[in-house]
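The values are calculated or read from the model by the stated rules, or taken from the named source; none is laboratory data. Please read all numbers here as calculations on a predicted model, not as lab measurements. Because the Cβ atoms are built from the backbone with ideal geometry, glycine has one as well, and the counts that use them run over all protein chains shown. These area figures cover heavy atoms from the full protein model, side chains too; ligands, DNA and RNA do not enter into them. Shrake-Rupley method; radii C 1.70, N 1.55, O 1.52, S 1.80 Å.
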Amino acid sequence: MQKKFGGPAIFLDRSDINTDEIIPAKYLTEVTKEALTPYILEDLKLAGFDPKGDELRNAKVVVSRENFGCGSSREHAPWVFEVNDVHTIIAESYARIFRQNMFNCGMLAIELPKGGYRPVDGPAAARQGRDCGRSGRAAAHRPGRQRRAAVCFRDQSVRQGAG
Amino acid sequence: MGKTLAEKIFDAHLKDEPFAGTKVLSLDRVLCHEITTPVAIADLVWRGKDRVFDRDKLKVVIDHVTPSKDSKTATQAKILRDWARRHAIPDFFDVGRNGVCHAIFPEKGYIRPGYTVIMGDSHTCTHGAFGAFAAGVGTTDLEVGILKGVCAFREPTSIRVNLNGELPEGVYAKDVILYVISQLGVNGATDRVIEFRGPIVDEMSMEARMTLCNMAIEAGGTSGVCMPDMTTVEYLWPFIQDEFPSMEAALADYRQWVSDEDAVYDKVLDIDVSNLEPQVTFGYKPDCVKPITEMSGIPVDQVYIGTCTNGRIEDLRQAAAVIEGKTIADSLRGIVSPATPKIFNEALAEGIIQIFMDAGFCVTNPTCGACLGMSNGVLAEGEICASTSNRNFNGRMGKGGMVHLMSPATAAATAITGVITDARSL
């Protein structure tokens, strides 16, 4: 099945979001990826974030700050995003093992420049584009006005205001 | 230009460089436990590639949840057990002979200077204490390692941490590494190897060096490493005496891996530990560290002594020395998990187990246990644990629970008083 890398984005405005927050160890007794689905980000405590809420359920892209995925080597962490149809993460930096696990799972770990995290007001969307050469396009919008960010697949960078 | 230990190991194991900066290395050890390996095994079977690259280089243990606690963990153990039998893997450690992976594998002499080691476990960096390049990987990389005996890495640069001065009495390797992490930050060593150097490390036992290297990942490090020396040779001697005519010959061979004096480092950190106090974490990140004087008096509900960081015999001795003749506070539970059967036996012979039991501790079988909240010793919402483990992430030991990381001596003193306590004050 072909993966889609675009769609609505959820912003997790904190550095060092760790693998225990992404998928707590008590669920590592599961031996299939699919069984992890309901437990995504269950232990993440962040103002305005609800691990059971619609914003996460609809999200296809996660945007965060530094050192995303730090801690354990558990591949269950990228898997729980994968089974929830989140194949793209955009963050300022990643923990080594998590980044490698995402690569191995055929997911996109887009690295922003340091300090490049700038959330956009209102519900945001990132959309796969069609005309950026080999790049995709991510868009973040407010009602009535759409703002976009283009994701270049070649060097996995992000440019804002492309739309 | 000279080379670091990591660069020398990369050069000696290089199989391929598919793109700039990414190196495929041959592996000397692929270590396996029952949490991350079963999915790799299932995938290999599904692909019709249920093979292993070299059964003698695979070392396998059940350690995270043992004996199994329910049907799911029993299934994980069974998948690993059946696989080890199917491939006649000689070094497989099941219930009764099993212990925490990062304690039992070094103890069996499986890790040698110059080796490349992977495991589906982030604390694999522990094995760098022997002058090996040892890195945690995910299940996919582990699967490739099991099948092909190779693993791809971005070549890391190195950070050199020089530990100078004199370690004060009552201050241990755990205090040193917590302080180092507080200086580097939780991602200060990402894509880097941390070299622990200097007179403090030279004087440390292999157990203490493993404590240092164990927590390299908590600063984001790919591996922690110590330079192989006579301490390394003496530890390994029972396992290598047929390979070398003398200890000096073994040392001469192992010294080839030592970083050259003109090796290039990404960063050099000079730390004088002469005035270091016992260190304790606050908050939910391992770089949130304060000296004990600023943390004393915080009440805790549980004390946990054990794990791949501090479950070795030296750690139990340090804790027992504080506890001997005393009893733990009524307000808390004390749990001790010796990291391996050998350590358990030594602790029995030395009377250490008796000291813990007389004090009111629960002594468990060797296991990862309470550390990651998936086996015994789980915290309830709002509870606090003083622990000798390596991670204080929110909910790590149970949803809504909090963990303060500290040395075995500090944990022991805390068990007696019921509040975080400097062992030197008792």
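Could you give the length gained by full extension between B:Lys15 and B:Lys399, i.e. 0.36 nm per residue of separation minus their alpha carbon distance, to one decimal place?
Details: separation 384, 0.36 × 384 = 138.24 nm, distance 4.38 nm.
Full-extension gain reported as 133.9 nm.
Roughly how many whole Å is it from the C-alpha centroid of the range B:210-229 to that of the range B:1-20?
Answer, in whole Å: 19.
Given the peptides B:288-297, B:26-35, arrange them by the average over their residues of other C-beta atoms within 10 Å, most packed first. Write out the running numbers ahead of the final one.
Values: B:288-297: 17.3, B:26-35: 25.5.
Most protected by this proxy first, the peptides run B:26-35, B:288-297.
Give the distance, in whole Å, between the Cα centre of the range B:307-324 and the Cα centre of the range B:382-426.
First find each Cα centre; the distance between them is then 14 Å.
For B:Ser389, tell me the accessible area in Å² from a 1.4 Å probe, rounded to the nearest 10.
It works out to around 0 Å².
Antiparallel as a % of all DSSP beta bridges within the protein assembly as shown, to the nearest 5? Please report the intermediate quantities before stating the final value.
Numbers: 28 of 86 bridges.
Rounded to the nearest five, the antiparallel share is 35 percent.
Please report the antiparallel percentage of DSSP beta bridges with both residues in the range B:5-269, rounded to the nearest 5.
Working: 9 of 35 bridges.
If we restrict to bridges inside the range B:5-269, about 25 percent are antiparallel.
Given 10 °C and 1.306 mPa s, compute D for the range A:1-126 with the Stokes-Einstein relation, Rh being the Kirkwood radius over Cα pairs; round to the nearest whole µm²/s. Kindly include the intermediate steps, with their values, before the conclusion.
Working: Rh = 14.3 Å.
Reported coefficient: 111 µm²/s.
Of all the Cα-Cα pairs you can form in the protein assembly as shown, what percent are over 43 Å apart? Walk me through the intermediate numbers first.
On the way: 29754 of 173166 pairs.
Beyond 43 Å sits 17 percent of the P(r) for the protein assembly as shown.
Work out the mean other chain Cβ neighbour count within 10 Å for the residues of B:65-72 and drop it here as an integer. Let's see the in-between values first.
Details: counts 3, 0, 0, 1, 1, 1, 1, 6.
Per residue, the number of nearby Cβ atoms from other chains is 2 on average.
Please work out how much accessible surface B:Asp272 shows to a 1.4 Å probe, ignoring ligands, DNA and RNA, in Å² rounded to 10.
The value for B:Asp272 is about 100 Å².
Averaged across the residues of A:74-81, what count of C-beta atoms belonging to other chains lies within 10 Å of each residue's C-beta?
On the way: counts 9, 11, 5, 1, 2, 3, 0, 0.
If you average over the peptide's residues, the count of other-chain Cβ atoms is 4.
Which GluC sites (Glu not before Pro) in the range B:327-426 pass both tests, a DSSP loop state and at most 10 other beta-carbon atoms within 10 Å?
Numbers: sites: B:Glu346, B:Glu350, B:Glu381, B:Glu383; in loops: B:Glu350, B:Glu381, B:Glu383.
For GluC sites (Glu not before Pro) across the range B:327-426 that sit outside H, G, I, E and B with at most 10 neighbouring Cβ atoms in 10 Å, the list reads B:Glu381.
Hey, what D do you get for the range B:131-207 in µm²/s if you plug the Kirkwood alpha-carbon radius into Stokes-Einstein at 37 °C and 0.692 mPa s? Before the final figure, lay out each step's value.
Working: Rh = 14.9 Å.
The diffusion coefficient I find is 221 µm²/s.
In peptide B:139-145, what is the residue-averaged number of other protein chain Cβ atoms found within 10 Å of each Cβ?
Mean number of neighbouring Cβ atoms from other chains: 4.
If I model a spin label at B:Thr22 and B:Glu234 as a point 7 Å from the Cα along the Cα→Cβ vector, what separation in nanometres do I get?
Label-label distance for B:Thr22 and B:Glu234, simple model: 4.5 nm.
Between B:Arg51 and B:Asn345, what length in nm is gained on full extension when 0.36 nm per residue of separation is reduced by their alpha carbon distance?
On the way: separation 294, 0.36 × 294 = 105.84 nm, distance 3.58 nm.
My answer for the length gained is 102.3 nm.
Along the Cα-to-Cβ line of B:Asn164, 7 Å from the Cα, sits a label point; which residues in the range B:189-229 have backbone N less than 14 Å from it?
Counting only backbone N, you get B:197-201.
Rounded to the nearest 500 deg cm²/dmol, what is the calculated helix-only ellipticity per residue at 222 nm for the protein assembly as shown, with -39500 (n - 2.57) per DSSP H run of length n ≥ 4?
-8000 deg cm²/dmol
How long, wide and thick is the range B:279-425, going by the Cα atoms along their three principal axes, in whole angstroms, largest first?
38, 33, 26
Along the principal axes of its C-alpha atoms, what lengths does the range B:5-269 span, in descending order and rounded to whole Å?
Over the range B:5-269, Cα extents along the principal axes are 53, 45, 44 Å.
For B:Thr22, B:Thr327, B:Thr232, give me the order by solvent-accessible area with a 1.4 Å probe, most accessible first, ignoring ligands, DNA and RNA. Kindly include the intermediate steps, with their values, before the conclusion.
Numbers: B:Thr22 25, B:Thr327 90, B:Thr232 0 Å².
My answer, sorted largest first, is B:Thr327, B:Thr22, B:Thr232.
Just in the range B:60-93: which trypsin sites (Lys or Arg not before Pro) are loop by DSSP and have at most 15 other Cβ atoms within 10 Å? Please list the in-between numbers first.
Details: sites: B:Lys69, B:Lys72, B:Lys78, B:Arg81, B:Arg85, B:Arg86; in loops: B:Lys69.
Taking the range B:60-93 and a limit of 15 other Cβ atoms within 10 Å, the loop trypsin sites (Lys or Arg not before Pro) found are B:Lys69.
Between B:Cys362 and B:Val258, what is 0.36 nm times their sequence separation minus the Cα-Cα distance? Round to one decimal in nm.
Values: separation 104, 0.36 × 104 = 37.44 nm, distance 4.23 nm.
The B:Cys362-B:Val258 span can extend by a further 33.2 nm.
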